[in-house]
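The values are calculated or read from the model by the stated rules, or taken from the named source; none is laboratory data. Treat the numbers as computed from the prediction; the structure is a model and nothing was measured. Heads up, the Cβs are rebuilt from the backbone with ideal geometry, glycines too, and the neighbour counts pull from every protein chain shown. Each accessible area value is taken on the protein alone, full model and side chains, heavy atoms only, with ligands, DNA and RNA left out. Shrake-Rupley method; radii C 1.70, N 1.55, O 1.52, S 1.80 Å.
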Amino acid sequence: MANMETNEFLCDLGLMYDTLEEIAHLSLTLQERGMTLTKADKLMRRTIRLISYSYSRQEALTAAERLEFCGIFLTTSVRIRQIDSTTFLQSLIGNLEDRLMSVCSSKGTGVVCIKQLAQFRLDPRRVLEGFRDYKEDSSIIPEDLSPLINILSLIPMSSAECEQGFS
């Protein structure tokens, strides 16, 4: 019980609470019917932004400075090592970013991946121009990019709906 009254435990708890809450929400949302790759990518980018700011962690850090949380006096323990939140969050965000759709180009032009679209029987040149137009003004979706968006909407995001049908 004494370990639960330490600054280290409270700060770790705040970090884990916020992180797990966002990851759980992302997981449930990704399993929804009608989820597409583009929606999933958007949700993951949003989750990365939200994880970067941890409200409960900030609240815990403030309480740790005051050495008091909800009427409980906090102590510092040399036996308990606090999680390095920067390293933890960088690792988590890095793992999420590895699962994002990429443009396959360090310069953001998308040329490499766009040229691979021949397998979908799309004109890579037109899709590339549409993609470049979209990168310049993301408020509208260019007509040349619509075929790619339609294909991405058809690719199933998960097997959740199929698995539900079997149970």
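Based on what the data block shows, is residue 93 β-branched (Val, Ile, Thr), in a loop (DSSP other than H, G, I, E, B) and open to solvent by less than 80 Å² (accessible area, probe 1.4 Å)? Here the answer is no, as residue 93 does not meet what is asked. Only residues that are outside any loop (DSSP other than H, G, I, E, B) and free of Cβ contacts under 8 Å to residues at least 24 places away in the same chain were counted across region 30-56, and they come to 4. Of the residues making up region 1-58, those that are of a type in the set (A, V, I, L, M, F, W, C), open to solvent by 100 Å² or more (accessible area, probe 1.4 Å) and under 18 Å from the mean Cα position of the chain (by Cα) number 2. Within region 128-141, residues that are open to solvent by 90 Å² or more (accessible area, probe 1.4 Å) reach partners that are modelled with pLDDT under 80 with beta carbons closer than 7 Å, at six or more positions or on different chains, in the pairs 135/108.
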